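Have a look at the structure below, then the notes.
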Amino acid sequence: MNGKNICKSLNAKLNRWLDSIDDENIKALIKKNAIVTGGAIVSLLIGEEPNDYDIYFKTYNSCLEVAKYYAQKWNDSHEKKVEIIGDTEFMDEIGYSMYMSGSGMPDTDHESENRFKRISAFIRSDGTVSEDEKDENIAAESINPIDNGGEPVQAVEDTESEKPKYRPKYFSSNAISLSDKIQIVIRFYGAVEEIHENYDFVHCTCSYDFESNKLNLPPRALEAIINKELYYTGSRYPLCSIIRARKFIERGWHINAGQYLKMCLQLNELDLHDFKTFKDQLTGVDSAYFETAIDSIRAMQKEDSSFKPDNTYLFEVINRIF
């Protein structure tokens, strides 16, 4: 599909989504701030149907308000409640445990105006919530706030045509999945360049701006797509990138040793024995499985606050899960 037709397709998709929204303020925020980037554009360029459309927002406020809108929609019709929490960047593991146990938000002394405010969806005692309980593991594996990048995902299909379109179906701390292939990413927001700082492979960096109806196709990204080349641009999540690479390779993409070396060099700068770093680096990859490892470590730390997982412990947990 050429660029002109991709713009038409994306504009039509997002306008159909807007038609499902009953709050004019939310419609206006989406129209002004929504960005599509990642795997959907790759799929359209090569003539395939996107698995889903990853939606990001240009501003903290627009992302927060849209997330709250869908949380309220969910809460109006479900027993298991979702709460959207803003400004959680500095919530440590103790604070997280306090919140999840119902003790409230911890105090923080961090007042820097330049800090990055994070938005998260919290479900007490569960961490995720899905429209279909039996589908939570499937849905969890399809959530990738970094980018699905053309990877195959097993979507939760709608079987009841009378259900509303674009309704919230799945919440995690990183994203909200709606029916009809819309995925709202709440972990990251900002200008396209800022969002792509969290990305890893150059072919994922095409983007569409809803407000201007303009498509950006960087030449290097197009070259990588044509050649099915995994070119690593650097990411905040090198561990995630190493794991994700295998999925592309299974689909016929190729990667040279130099790209692996770049990922390893960045990974070497991180302390994966630090629990917060370990958990953060597993964002978006096989989360249904890795969440078990994270829960195991969290349980050990609750018993012994000085516990720090070493390789022996991590190997044992990984072997048990996989």
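The values are calculated or read from the model by the stated rules, or taken from the named source; none is laboratory data. Given the structure is predicted, the values throughout are model-derived calculations rather than measurements. Heads up, the Cβs are rebuilt from the backbone with ideal geometry, glycines too, and the neighbour counts pull from every protein chain shown. Only protein heavy atoms, including side chains, enter the accessible area calculation; ligands, DNA and RNA are left aside. Shrake-Rupley method; radii C 1.70, N 1.55, O 1.52, S 1.80 Å.
Selection of first residues in region 292-321 that are more than 14 Å from residue 274 (Cβ to Cβ) and in a helix (DSSP H, G or I) and of second residues that are open to solvent by 40 Å² or more (accessible area, probe 1.4 Å) and of a type in the set (Asp, Glu), restricted to Cβ pairs under 7 Å at least 6 apart or on distinct chains, gives an empty result.
Within region 1-23, restricting attention to residues that are outside any helix (DSSP H, G or I) and of a type in the set (S, T, N, Q), which residue is most open to solvent (accessible area, probe 1.4 Å)? Even if it seems obvious, please write down each step before you answer.
Initially, region 1-23 is screened for residues outside any helix (DSSP H, G or I), giving 1-2, 20-23.
Okay, now just the ones that are also of a type in the set (S, T, N, Q), so 2, 20.
On the way: 2: 87, 20: 48 Å².
Here the residue is 2.
Being open to solvent by 60 Å² or more (accessible area, probe 1.4 Å), under 21 Å from residue 196 (Cα atoms) and out of contact with any His (no Cβ under 6 Å at 6 or more places or on another chain) is a condition met by no residue of region 304-315.
Restricting 229, 197 to residues that are of a type in the set (D, E, K, R) and more than 26 Å from residue 70 (Cβ to Cβ) narrows the list to 229.
Out of the residues in region 270-304 that are touching a helix residue (DSSP H, G or I) at 6+ places or on another chain (Cβ under 9 Å) and small (Gly, Ala, Ser), which is modelled with the highest pLDDT? Step by step, filter region 270-304, then rank; the result is 296.
One residue stands out among those in region 24-41 that are in a helix (DSSP H, G or I) and of a type in the set (S, T, N, Q): the one that is nearest to residue 12 (Cα to Cα), which is 33. Just one of the numbered conditions (1) assigned to a helix (DSSP H, G or I); (2) surrounded by fewer than 17 Cβ atoms within 10 Å (Cβ to Cβ) is not true of residue 47: (1).
Name the single residue that is nearest to the chain's Cα centre (by Cα) among those in region 50-86 being polar (S, T, N, Q) and open to solvent by 10 Å² or more (accessible area, probe 1.4 Å). Even if it seems obvious, please write down each step before you answer.
As a first pass, look at region 50-86 and keep what is polar (S, T, N, Q): 51, 59, 61-62, 72, 75, 77.
Filter again for open to solvent by 10 Å² or more (accessible area, probe 1.4 Å), leaving 51, 59, 61, 72, 75, 77.
On the way: 51: 14, 59: 16, 61: 18, 72: 20, 75: 22, 77: 24 Å.
So the residue we want is 51.
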